[in-house]
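The values are calculated or read from the model by the stated rules, or taken from the named source; none is laboratory data. All values derive from a computational prediction rather than experimental measurement. For neighbour counting, all protein chains shown are included, and Cβ atoms are generated from backbone atoms with ideal geometry for every residue, glycine included. Surface areas here come from the heavy atoms of the whole protein model, side chains and all, with no ligands, DNA or RNA. Shrake-Rupley method; radii C 1.70, N 1.55, O 1.52, S 1.80 Å.
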Amino acid sequence: MNNRPIGVYDSGFGGLSVWRELHRALPCESLIYLGDGKNCPYGSLPKQRITELAEAAVRDLVERGCKMVVVACNTATAAAISHLRATFDIPIVGLEPAVKPACAMTRSKVVGVIATERSLKGEKFLSTVERYGQGVEVIKAVGEGFVESVENNEEDTPATEQIVRRVVEPIIERGADVIVLGCTHYPFLRDVIARVVGERDVAIIDSGAAVEKRVESLLDEYGLRASQDNVARIEFITYADNKYGQRLRDKALESL
Ligand code: DGL
């Protein structure tokens, strides 16, 4: 048993799509959500810069007493997960695009993966495509403008629909029947992506639920579950200004 918090970290609001899964499934666990905000988006930053940002953020969460950290950011995972695991001696969970389930479920043998530029260059991502994508065409597309739409709370605007259409339409035209949301910001655009997909038979998948399961299995493996009577504390922190912090809290509560 361990009642210390679990840290959940992302460049901004995106990791809330993972946070909400943890909050729902693990009501006794205290959670500290760190949404950098100041340096967002990470997607096109150099690997070294993302590694520095991720190390500082995880150190901050460790110093706040976290027993485990979920890097709820595919981009930071792609750039820095090995370094983080070598630097900190608590369990660190990373996030990767759900390529394996997508390749297992496609019938058309064409899968689209939308993610940031950095994630699509990640070694683990490329080796997963190599390993599980045999006989499957894996279309890689950068979600240009997606993160900005979510950070600006503009999910429901015609401009965002245009941004999404520009990326999603060519993937479907090439025959994909599964679209992988390979960035934690993108589940906030699920409704608009579904609108663009329309009647066509295309599944939209993300990694949120799988990561929640992974967290549970690590809590058990390390004996780190909070006690049943723990009164969970929920905290939000950011390196951006107070206004951003308030929007982060509002978005978290709306996402439940
Ligand atoms: N939410 C992040 C991810 O999962 C990164 C978005 C960004 O900062 O570019 O990749």
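Quick one: what pairs do we get from the stretch 172-191, first residue without any contact (Cβ under 8 Å) to a residue 40 or more places away in the chain, second open to solvent by 30 Å² or more (accessible area, probe 1.4 Å) and within 12 Å of the ligand (Cβ to nearest atom), C-beta under 9 Å, 6+ apart or different chains?
Close Cβ pairs (under 9 Å, with a partner that is open to solvent by 30 Å² or more (accessible area, probe 1.4 Å) and within 12 Å of the ligand (Cβ to nearest atom)) amount to Arg190/Asp206.
Filter the stretch 109-135 for residues that are of a type in the set (Val, Ile, Thr) and away from the ligand (no atom under 16 Å from the Cβ) and give the result.
Initial filter on the stretch 109-135 (of a type in the set (Val, Ile, Thr)): 110-111, 113-114, 116, 128-129.
The answer is Val110, Val111, Val129.
This table checks each residue for (1) within 16 Å of the ligand (Cβ to nearest atom); (2) at pLDDT below 95; (3) not aliphatic (A, V, I, L, M); (4) not in a strand (DSSP E or B).
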{"site": "Val8", "(1), (2), (3), (4)": "yes, no, no, no"}
{"site": "Arg24", "(1), (2), (3), (4)": "no, no, yes, yes"}
{"site": "Gly37", "(1), (2), (3), (4)": "yes, no, yes, yes"}
{"site": "Ile50", "(1), (2), (3), (4)": "yes, no, no, yes"}
{"site": "Ala56", "(1), (2), (3), (4)": "yes, no, no, yes"}
{"site": "Val69", "(1), (2), (3), (4)": "yes, no, no, no"}
{"site": "Ala78", "(1), (2), (3), (4)": "yes, no, no, yes"}
{"site": "Ser82", "(1), (2), (3), (4)": "no, no, yes, yes"}
{"site": "Arg85", "(1), (2), (3), (4)": "no, no, yes, yes"}
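Would you point out the residue of the stretch 14-51, among those that are over 17 Å from Val147 (Cβ atoms) and small (Gly, Ala, Ser), that is surrounded by the fewest Cβ atoms within 10 Å (Cβ to Cβ)?
Here the residue is Ala25.
Within the group Ser11, Ser17, Ser30, which residue is within 20 Å of Ser82 (Cα to Cα) and of a type in the set (Ser, Thr, Tyr)? Break it down into steps so the answer makes sense when it comes.
On the way: Ser17 fails: within 20 Å of Ser82 (Cα to Cα); Ser30 fails: within 20 Å of Ser82 (Cα to Cα).
The conditions single out Ser11.
Quick one: would you say Tyr222 is over 23 Å from Glu96 (Cβ atoms), among the aromatic types (Phe, Trp, Tyr) and open to solvent by 30 Å² or more (accessible area, probe 1.4 Å)?
Details: over 23 Å from Glu96 (Cβ atoms): no; among the aromatic types (Phe, Trp, Tyr): yes; open to solvent by 30 Å² or more (accessible area, probe 1.4 Å): yes.
No; evaluated as a whole, the condition is false for this residue.
Tally the residues that are away from the ligand (no atom under 15 Å from the Cβ) and either polar (S, T, N, Q) or surrounded by 20 or more Cβ atoms within 10 Å (Cβ to Cβ) (or both), restricting the search to the stretch 136-152. Talk me through it step by step, then tell me what you get.
Here is the first cut: in the stretch 136-152, the residues away from the ligand (no atom under 15 Å from the Cβ) are 136-139.
Checking the rest, the ones that are also either polar (S, T, N, Q) or surrounded by 20 or more Cβ atoms within 10 Å (Cβ to Cβ) (or both) come to 138.
Within the stretch 136-152, residues that are away from the ligand (no atom under 15 Å from the Cβ) and either polar (S, T, N, Q) or surrounded by 20 or more Cβ atoms within 10 Å (Cβ to Cβ) (or both) number 1.
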